[in-house]
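The values are calculated or read from the model by the stated rules, or taken from the named source; none is laboratory data. What you see is a predicted model, and the numbers here were worked out from it, not measured in a lab. All Cβ positions, glycine included, derive from the backbone under ideal geometry; neighbour counts span all protein chains shown. Surface accessibility is based on the protein's heavy atoms, side chains included, excluding ligands, DNA and RNA. Shrake-Rupley method; radii C 1.70, N 1.55, O 1.52, S 1.80 Å.
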Amino acid sequence: MATFFERKIEFLKGVGPQRAELLQKELQIFTYADLLQHYPFRYEDRTKFYKISQVRENQPFIQVIGKFVRFQLAGAGRKQRLVGTFADETGTIELVWFQGIKWVQSRVAVGVPYIAFGKPARFGSKYSIAHPEIEPLTEKNKQGSYLQPVYHTSEKLKRKFIDSKAISKMMKMLLIDAVNHITETLPAPLIDQYRLMDKKSAMVQIHFPRNAQELQRARYRLKLEELFYIQLRLLKLKISRIESFPGIRFDNSELLNTYYKNHLPFELTGAQKRVVKEIYQDFRSGKQMNRLVQGDVGSGKTMVAFLSMLIAISNGTQCAFMAPTEILAEQHYKGLKEYADLLGIHIARLTGSSKKSERKVIDQMLQSGDLPILVGTHAVLEDKVKFKKLGLAVIDEQHRFGVAQRARLWKKGNNAYPHVLVMTATPIPRTLAMTLYGDLDVSVIDELPAGRKPIKTYHMRDSHRLKMFGFIEKEIQKGRQVYVVYPLIEESATLDYKDLMDGYESMSRRFPDYQLSIVHGKMKAEDKEWEMQRFVRGETKIMVATTVIEVGVNVPNASIMVIENAERFGLSQLHQLRGRVGRGAEQSYCILMTGNKLTTEGKARVQTMVESIDGFKIAEVDLKLRGPGDLMGTQQSGLTELMISDLSKDTEILKLARSLASELLAKDPELKAPENQVVRTQVNAQRKSNVNWSRIS
Ligand code: ADP
Ligand code: MG
C-alpha cells in the first residue's frame, strides 16, 4: 500500500486527473511528496506597506493600500489597456493591465479598499504598476507581516490557472494532512548539536513562513538534510567500491628514487610533491586507487603521472597512458619517451592509425610483460589489447571517465584491479567536485612551476582589429607564433565556418609574407595532422583554427592566442584556450576580440579573464554565472535532484554536510545505532524512490 507521501497527486482535493497530468508533465510532480518538495524559489516581502508618495521607480516589489478613483480604457485593438487610478491619502498611482482586462473589470470596483502589489515604474512624472496583484483589504492582511512564497510554474499551467497562488493553495490543503505524517529524518543528536529546526516545522515554514528568521532556519535545515544525504550516498558508494575492489599493493619505489636522484629535469613544485605522495599512499594501501588530479594547464601533471608510473613499474606491473586525441597521444609519447629512455624503460604507442605490423609487436610485448608503458588513445581500451599485468591506467585531459570505461579497465587487470589516475586541466570548484566526484579521491595541483611569466590578457573590440594585426606582426617578427581561434557552435555551424574562412582569408591578405595553417573539424584527420605538424615545426606562423586545438597541444614557441568572438565562449573554455600559450620562456599574450556590444554576462566573462589567470577562481565565477546545471553533464551526477540547495552558494553547508556524513559513517558504517535508525530508513527510502524514478522516465 502506498504511504501517505506516495499517494498520487490527483487524489489531493481540488486537483483531479486533468490538473494532475499537467502537474506531472510540466513540473514532474507525481506524488504528495513531490508537491511538498516543490519549494518556493523566492518570497515576496509583504511585511511592509508603502505610502503612494513613497513610491520610487528603483524599488523592488512593493505593496500599497488604497482605493480606485476611476477606471479608463486607453488605446485600441491589441494595444488596448485598462488604467485604474489608485489613491491613498498621500497621492495617486496608475495600475495598468494589458491583458485579462475583462477579468479584472469583473473583480474590482471603485471606492473599495484594496492592497495592490507589484513593481513600480516611472513614466514622466507619474508612477505606475503594470499587472499588479489586487486583493481586497481584510482585517487579516491589513497586518501585513508575512512572506509570500513564489513557486515555479509554467505558461501552460498558468493558462489553466495553476499559477503560484494556486500552487500555494494546494500546498495548504496538503500540509493540513501532511503534518500528521511528517516524521524526523535526521538523527536527534545532530538536530541537538546544530540546533536545527525539526522537519515538521521546516516543511511548514518553508511554504508558509511566519517571518524571515524562521524561514532562514527552515531553509538551512532542509539544505543541510539534502546535502547530507547526497554525501552519505556518495561516501557509501566509495566505501563499497574500496571494499569490493582490492588493489595491487605497490610498496617498491626503486625506479622513482633512481629517477628522482639522477634524472629529474627540474625541481618539483610543492604541489607536485604532495600529489605524488598522495598517490603513493593509495598505492601502498592495498585498495584500488581511483584518483582525480586537477591541475591548471601547465601545472605539470605529466611528470606526476610519470613518477606514478615508475612506482607501478618497480612493482612489476605495466602502465597504460591514454590521451583523448592522436595528436596528444603522439606528443605524450615523445615527451614520456625522453624521460623513460634515461632509465632504459621501454615505451610504445598505440593509436587508431597504428599499422598492423606495429600492433603485432606491441601485442606480443604487452603479453610477455616486456613493455612497461603503452601510450595511446582510447584504442588502448579495446578488448583485444591484452596486458600481462596492468597495474596503473592514466587518463589524461578527461574529467569524466565513466563507470563503463572503468569496468573495461578492470577486465584488463587479470583479477587484480589496476589503479586509475584521471587528470584534468578543467578546474572544478571544490563544492562541485565533492558532489560530482564524491566517490573519487581528488588531488589538486594548485601551484605553477616557478619562473613562469603570467600570460597577459587584453580585451579588444572589433573596431581595433588593425591594432591587433600590428601587434601580432611585431611578435611574429620576434620569432613567435600565433593562434587565432574561432568559435564553432553546432546550430549555426555554416555561419561559423564562414567566419573562420573569412578570418583566414583576411589574415592571409594581411600577412602575405608568412605561411598560415588552418585546422577545423570538417577536415580529414590526416590533413589536420599535417597542418598541425607544420605549425609545430614552426613552418607556419599563424594557426587559424576552431576549438579543435583546445586540449593539451603543446607548442612552446606559440606565445599569442587571439580568440575571436570571445563573448560566445564559456569561461572555462576561454581559460582552456588561453592555456595553449605561456608554455615557453617568452612573455605570452591572450587577446579577446569581441563585438562592440556585449551582454552583461559576456562582459563579466571577458572581465574575469582579463583580471585572473587562476583556473579555480575562474571556475568559481563560471559556476556563479551559469549555475551548476550548465557546467557539465550533470545527468548522471545527481545534481539535477537538488531541490533546495545551490552548489554555487551553499558552500559552507555542503562542507558541513560532507563532514557530518563522513563522521557518521566512520562511527557507524552499518547504520545500526538506534539514533541512526532514521538515517537508515531514509537511505532505504531513497533507494526505493530511485527505482521508481527509473520506471517512470
Ligand atoms: P599540464 O599539467 O598542463 O599537463 P605539463 O605536464 O604538460 O602540464 O607541463 C607543462 C610544462 O611544464 C612541461 O614542459 C613540463 O616539462 C614543465 N614542468 C612540469 N613541472 C615542472 C616543474 N616543477 N618545474 C619546471 N617545469 C615543469
Ligand atoms: Mg597535460
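Of the residues 479, 503, which single one is farther than 20 Å from residue 546 by Cβ, open to solvent by less than 50 Å² (accessible area, probe 1.4 Å) and in the same structural domain as residue 597 (by TED's automatic domain parsing)?
Checking each option against the conditions leaves just 479.
Test residue 523 against the criterion of being open to solvent by 10 Å² or more (accessible area, probe 1.4 Å) and among the hydrophobic types (A, V, I, L, M, F, W, C), and give yes or no.
In short, yes.
With respect to the numbered conditions (1) part of a strand (DSSP E or B); (2) in contact (Cβ under 8 Å) with a residue 40 or more places away in the chain; (3) crowded, with 17+ Cβ neighbours inside 10 Å, which one is the sole condition not fulfilled by residue 70?
So the condition that residue 70 fails would be (3).
When you check residue 85 against the structure, is it of a type in the set (Val, Ile, Thr), open to solvent by less than 70 Å² (accessible area, probe 1.4 Å) and within 19 Å of residue 133 (Cα to Cα), yes or no?
yes
Looking at the range 640-670 only, could you name the residues that are part of a helix (DSSP H, G or I), open to solvent by less than 80 Å² (accessible area, probe 1.4 Å) and of a type in the set (Ser, Thr, Tyr)?
Across the range 640-670, the qualifying residues are 651, 659, 662.
Which condition does residue 292 not pass, out of (1) open to solvent by 10 Å² or more (accessible area, probe 1.4 Å); (2) within 16 Å of ligand 2 (Cβ to nearest atom); (3) under 30 Å from residue 617 (Cβ atoms), if it passes all the others?
Evaluating residue 292 over (1) open to solvent by 10 Å² or more (accessible area, probe 1.4 Å); (2) within 16 Å of ligand 2 (Cβ to nearest atom); (3) under 30 Å from residue 617 (Cβ atoms) leaves (1) as the failure.
Kindly list, by first and then second residue, each pair from a residue in the range 593-616 that is in a loop (DSSP other than H, G, I, E, B) to a residue that is among the polar types (S, T, N, Q), limited to pairs with Cβ atoms under 9 Å and residues at least 6 apart or on different chains.
595/565; 596/463; 612/457; 613/457
Return only the number of the condition from (1) within 16 Å of ligand 1 (Cβ to nearest atom); (2) more than 18 Å from residue 504 (Cα to Cα) that residue 561 does not satisfy.
Status for residue 561: all satisfied but (2).
For residue 47, which of the numbered conditions (1) surrounded by 14 or more Cβ atoms within 10 Å (Cβ to Cβ); (2) within 30 Å of residue 181 (Cα to Cα) fails to hold?
Unmet condition: (2).
Could you check the range 332-380 and list, in sequence order, the residues that are within 16 Å of ligand 1 (Cβ to nearest atom) and among the hydroxyl-bearing types (Ser, Thr, Tyr)?
333, 339
Within the range 556-592, how many residues turn out to be in a helix (DSSP H, G or I) and under 15 Å from residue 454 (Cα atoms)?
Of the residues in that region, 4 qualify.
Within the range 430-443, can one find any residue that is polar (S, T, N, Q), at pLDDT 70 or above, outside the structural domain of residue 267 (by TED's automatic domain parsing) and within 16 Å of ligand 1 (Cβ to nearest atom)?
yes
If the Cβ limit is 7 Å and pairs must be 6+ apart or interchain, which residue in the range 167-193 that is closer than 24 Å to residue 15 by Cβ pairs with which residue that is outside any helix (DSSP H, G or I) and open to solvent by 80 Å² or more (accessible area, probe 1.4 Å)?
From residues that are closer than 24 Å to residue 15 by Cβ, the pairs are 173/13.
Residues checked against (1) touching a Ser or Thr at 6+ places or on another chain (Cβ under 9 Å); (2) of a type outside the set (Lys, Arg); (3) open to solvent by less than 30 Å² (accessible area, probe 1.4 Å); (4) modelled with pLDDT of 90 or more:
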residue	(1), (2), (3), (4)
461	yes, no, no, yes
464	no, yes, no, yes
486	yes, yes, yes, yes
510	no, no, no, yes
527	no, yes, no, no
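Can we say residue 105 is under 41 Å from the mean Cα position of the chain (by Cα), farther than 30 Å from residue 210 by Cα and not aromatic (Phe, Trp, Tyr)?
Against the criterion (under 41 Å from the mean Cα position of the chain (by Cα), farther than 30 Å from residue 210 by Cα and not aromatic (Phe, Trp, Tyr)), residue 105 does not qualify.
Only one of these is in a loop (DSSP other than H, G, I, E, B) and under 30 Å from residue 685 (Cβ atoms): 43, 39. Name it.
39
Considering the range 290-327 alone, what residues qualify as being within 14 Å of ligand 1 (Cβ to nearest atom) and aliphatic (A, V, I, L, M)?
292, 293, 297, 303, 304, 305, 307, 309, 322, 323, 327, listed by residue number.
Give just the number: which of (1) buried (at least 22 other Cβ atoms within 10 Å of the Cβ); (2) more than 23 Å from residue 448 (Cα to Cα); (3) within 14 Å of ligand 2 (Cβ to nearest atom) does residue 330 not satisfy?
Against the list (1) buried (at least 22 other Cβ atoms within 10 Å of the Cβ); (2) more than 23 Å from residue 448 (Cα to Cα); (3) within 14 Å of ligand 2 (Cβ to nearest atom), residue 330 comes up short only on (1).
Given the structure, is residue 137 in contact (Cβ under 8 Å) with a residue 12 or more places away in the chain and over 18 Å from residue 44 (Cα atoms)?
No.
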